[in-house]
Amino acid sequence: MYTILKNSIDQYEIQKSKFITLLYKVDNLEEINDYLEQAKILYKDATHYCFAYKLDGIQKFSDDQEPSGTAGLPMMEILNKKELTNILCIVVRYFGGIKLGTGGLARAYSKAVKDALQKNEIIELIKGYRVRIETTYEKQKELDYLFSNQIKEKKFLEHVIYQIDILEEQLNLIKNYHYEIIEEKMIEKIS
């Protein structure tokens, strides 16, 4: 499975209609709902807010009052073809006054998503774990070194508490620390 490296915005225009594609790398449904609400606020005068998302085996799409099957489904087909997950794609449309027809709409939404994805970097995701590690202040440098680009959160309390995304084969690296697996998830492949 794959996802995008970073959030991005792209724009495409056809027959005076403007299609703004927003790509978001997401980890939970709360983020998806927040991004959908933000799009409606940022582009409050838009005609349609069509979307498709894939997350943890769940996929959902919406035509947002475009003719059935002309927006969300073509968008989802692109995400599926590229084997993407942990992604939200919103295409905001400003109607330009010229009707595109159902075939034209499906092609326009597909092109908007394809173009946006081509301008973003695609990265591989593999099975991993988010773990919570509690360690002493003396041993924090060791953990910082071992997991420098995988640390998601670090808190300084009585002990140093980390949240780290690790691969299955890295579990033995932390066996000497007090740790717990918070969740199993898809994480970025570490080069």
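What follows draws every value from the coordinates through simple rules; no lab data is involved. On a predicted model such as this, the values are computed, not experimentally measured, just so you know. Every residue, glycine as well, gets a Cβ built from its backbone with ideal geometry; the counts of neighbours run over all protein chains shown.
Annotations for the structure displayed:
- Charges were assigned to the Cβ only: +1 to each Lys and Arg, -1 to each Asp and Glu. The resulting dipole of segment 2-120 about its Cα centre is roughly 500 debye.
- Taking a point 7 Å out from the Cα of residue 127 in the direction of its Cβ, the residues of segment 172-191 whose backbone N falls within less than 18 Å of it are 172-173, 181-190.
- The mean sequence distance of close C-alpha pairs (under 8 Å, at least 6 residues apart), as a share of the length of segment 2-120, puts its relative contact order at 37 percent.
- In order along segment 141-146, the Karplus-derived 3J(HN,Hα) couplings, from 6.51 cos²θ - 1.76 cosθ + 1.60 at θ = phi - 60°, round to 4, 4, 5, 4, 5, 5 Hz, and Gly and Pro are given as x.
- Distance from segment 153-191 to segment 103-141 (C-alpha centre basis), Å: 19 Å
- Fluctuation leader among 146, 167, 29 - the chain, Gaussian network, Cα springs under 10 angstrom: 146
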